[in-house]
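Below is one structure, written out as structure tokens; the observations come after it.
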Amino acid sequence: MKFSRPRGTNDLFGERMERWHDVEGRIVRLVRGYGYSEIRTPVFEMTDLFIRAVGKATDIVSKEMYTFSDKKGRSLTLRPENTASVMRAFLENGLHRKGGISRFYYMGPMFRYDRPQAGRYRQFHQVGAEAIGSSNPAVDAEIIDISLSIYSVCGFPPLDVRLNSVGCPVCRPAFKEILIRSLAGYGDELCQNCRERGMVNPLRIFDCKKCGEVKKKLPFITDHLCRECGEHFSRLQEILDGLGIRYTLDPLLVRGLDYYTKTAFEIIHPGLGAQNALSGGGRYDGLAEDCGGGHIPAVGFSAGMERLLETLPESFPGETGDGRVDVCIILIGDSGSMQALSLAGRLRESGLSVLTDLSGRSMKKKLGAASEAGAGFAVFLGPDELEREKATVKNMMTGSQEVLAFDGIGPFIERERDNRGE
RNA sequence: GUGGGCGUAGCUCAGGUGGUAGAGCCCUGGAUUGUGGAUCCAGUUGUCACGGGUUCAAAUCCCGUCGUCCACCCCA
């Protein structure tokens, strides 16, 4: 084979594709139940949007973007995440003028140039939701509630939410100062990497897996939040408590995108290996302004589809399973293709899903394939039938069969299925 | 970007210390001339990832490349 798929991408088909659809369907029903409507934004945007929104110094922007120039020399980038696009679309379409809270969900491919690994791909898929236009911590709670429910509707046992507040432009810079001062005392104990990034973004040290000992001794941002952030955070916890939503406070939790303010959360799963985050999200009250809009507070989350599918529990209540095809029309002999297709069309009009087998293989193979496709009925069309303008209909369950005129096949199948109480 | 394991049939994998490739599943045909899920019989399937080197001889040893998996890192 001359061509292979680009590194870190996947071909989706067969059972996996079916399960994907099933999961997507459940999630869509769920979020629509919360009043969220779908938004689809382009898979590529002007590069500057991501630089401004996600942050120049983040790993995503500095080394993971698929950036290219179009024929007019404009710099475009395949979206590494979707929140920036949703905010851009929100502002560009003047949706801020509608007032109230705008609630959107999205699903689709994202692109990051990373070394592929368990649960990490260069093209991966996210489903997420954004609630734009409110600073009420109750909306944060709604978002956390939804992101947890995604897993419960897919049959997951209750998962752990790690929760933190990352402050805002008022308190975070002050905390950074405190942190940097504190870090100075532990210079030799930090790993090489952390010593370097300590200058650029000291908060990221909390992400490091090696510097565990030092992390415990550092000050926590939650002890240094400004009045507004502190109140928001404690109010959120009250609401979550009241709703019975369980969470674990994690003062070490930080987010890798610069736009986050106040609430930050992550849902993790132990079965994923190193890439253990199933979903993550938080508040981004400054993003609208970064994108050239006014002050518009917002919260959202995003979940990785591949990671969800890879950890889907055995108990996943899969949809009906078999029976995807109602009827298989089996042509016998080498004439009559047209009649077979025409009959299939008629049956489809009556609402049945129909597969045709016009291959020259053996009867045994054709019936076997029909059975595997889950067909409840096989319709034989051979020289005898064609001559009499009839077809033999076989009930695959009972094995009984009858010769019927073309017009009678649809009603017959319906009757047979009713008898079975379907 | 760094490190390690692995690349043999469509799939899962055998192929001690070098001698030109195998099994199961799948697929196809038959036993059953136009009737499935079982059984039995027969058959097809390969640039042994790619390129180079060592050798009379390489799937096997060496080097490189690519892919894949895992970890670092990062994050969904």
_Scaled radius of gyration (Cα, divided by 2.2 N^0.38 Å) that chain A gives_ = 1.28
_In chain A, if the dipole is taken from +1 on Lys/Arg beta carbons and -1 on Asp/Glu beta carbons about the Cα centre, which of A:GLY133, A:THR67, A:LEU252 is farthest to the positive end?_
A:THR67
*For the stretch A:123-277, give the share of DSSP beta bridges that are antiparallel, in percent and rounded to the nearest 5; count only bridges with both residues there.*
80 percent
*Run the numbers on the stretch A:73-125 and let me know its relative contact order in percent, using alpha-carbon pairs under 8 Å that are six or more apart.*
32 percent
*For each pair in A:LYS56/A:LYS98; A:LYS63/A:LYS176; A:LYS176/A:LYS216; A:LYS217/A:LYS262; A:LYS364/A:LYS394; A:LYS63/A:LYS215, compute the distance between the two Cα atoms and list the pairs where it is over 20 Å.*
A:LYS56/A:LYS98; A:LYS63/A:LYS176; A:LYS217/A:LYS262; A:LYS63/A:LYS215
*Given Cα pairs under 8 Å that are at least 6 residues apart, what percent is the relative contact order of chain A?*
15 percent
*At A:ARG246 and A:GLU15, where each label point lies 7 Å from the Cα along Cα→Cβ, what is the point-to-point distance in nanometres?*
3.1 nm
*Neighbouring Cβ atoms within 10 Å as the yardstick, rank A:HIS295, A:HIS269 fewest first.*
A:HIS295, A:HIS269
*Can you give the convex hull volume per residue for the Cα atoms of the stretch A:327-416, as a whole number of Å³?*
82 Å³
_I need two numbers for the stretch A:31-110: Rg to one decimal and Dmax as a whole number, Cα atoms only, in Å._
14.1, 43
*Points 7 angstrom from Cα along the Cβ direction at A:LYS56 and A:MET363: gap in nanometres?*
7.7 nm
_Estimated distance in nm for a label pair at A:GLU372 and A:ARG348, the labels positioned 7 Å out from Cα along Cα-to-Cβ_ = 2.3 nm
*asked:* If you fit an axis through the alpha-carbon atoms of helix A:227-243 and take the longest principal axis of the Cα set of chain A, what angle between them do you get, 0 to 90°, nearest 10?
replied: 40 degrees
*For chain A, modelled as a GNM with alpha-carbon contacts under 10 angstrom, which of A:VAL153, A:VAL393, A:VAL61 fluctuates the most?*
A:VAL393
_Two-site FRET efficiency, A:ARG417 against A:ILE178, from Cβ-Cβ distance with R₀ of 56 Å, rounded to 0.05_ = 0.20
*Express as a percent, rounded to the nearest 5, the fraction of DSSP beta bridges in the stretch A:327-416 (both residues included) that run antiparallel.*
50 percent
*Taking the Cα centre of chain A as the origin, how large is its charge dipole in debye, to the nearest 20, when only Lys and Arg (+1) and Asp and Glu (-1) carry charge on their Cβ atoms?*
1400 debye
*Classify the stretch A:84-159: rounded, prolate or oblate, from the alpha-carbon gyration tensor (a ≥ b ≥ c, eigenvalue square roots; a/c under 1.5 rounded; otherwise prolate if a/b is larger than b/c)?*
oblate
*Order by neighbour count: A:LYS366, A:LYS390, fewest other Cβ atoms within 10 Å first, most last.*
A:LYS390, A:LYS366
*In a GNM of chain A with a 10 Å cut-off on Cα contacts, which of A:GLY282, A:GLY133, A:GLY242 has the highest mean-square fluctuation?*
A:GLY242
*For A:ARG97 and A:GLU314, what does the FRET efficiency come to when R0 = 60 Å and r is the distance between their Cβ atoms, rounded to the nearest 0.05?*
0.80
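Any read-out appearing in this document is the output of simple, stated calculations on the displayed coordinates, not a laboratory observation. The model shown is predicted, which means the values in this text are computed figures rather than measured ones. Ideal geometry is used to build each Cβ from the backbone, glycine not excepted, and the neighbour counts take in all protein chains shown.
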